[in-house]
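Note sheet for the following structure.
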Amino acid sequence: MKPRISKTIFFISFLLVISIAVGVVILKEDKSVDPRSSAEEQDNIEGIPNIITVPPQSIQIGEEYFYNVKVVDADSDLVELDLELIEGPDWLVKEGFILSGTPEEEELGQHKVVIRVSDEETYEEQAFYIVVE
């Protein structure tokens, strides 16, 4: 009876090794971008600016809001990047790639913000809301 168990264990082990090997080959052949990988790893093939940060979405009255916008762009060494504040509350100002400001009491509520990062040819927009509490 022992030889039969040994053969069975050997066969199961063999199938496991083959399954792992086939899985590795399939993964190596897949050239698509994993959506779970970071923006830097995706390497932005077309050279479209890609905003990789998530903005703070709430702020207390009287406290300073601060958002440092981080961008990757495959051709950023060839072109200049620009950040534009398309829409936002009056208290929010842009300086370089930083959005900041201090909301007052009359600014209570939800405020839509739209920013655009562009190079000389393409752009990406990010829209979000800031809740002033």
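None of the figures in this text is laboratory data; all of them are computed from the coordinates on show. Just so it is clear, the structure is predicted and the values come from calculations on it, not from any experiment.
Give me the Å³ per residue figure for the convex hull around the C-alpha atoms of region 39-132.
Values: hull volume 7.8 nm³, N = 94.
Convex hull volume per residue, Cα atoms: 83 Å³.
Taking 0.36 nm per residue of sequence separation and subtracting the Cα-Cα distance, how much length would be gained by fully extending the chain between Glu125 and Val93, in nm to one decimal?
Values: separation 32, 0.36 × 32 = 11.52 nm, distance 1.69 nm.
Once the chain is fully extended between Glu125 and Val93, it gains 9.8 nm.
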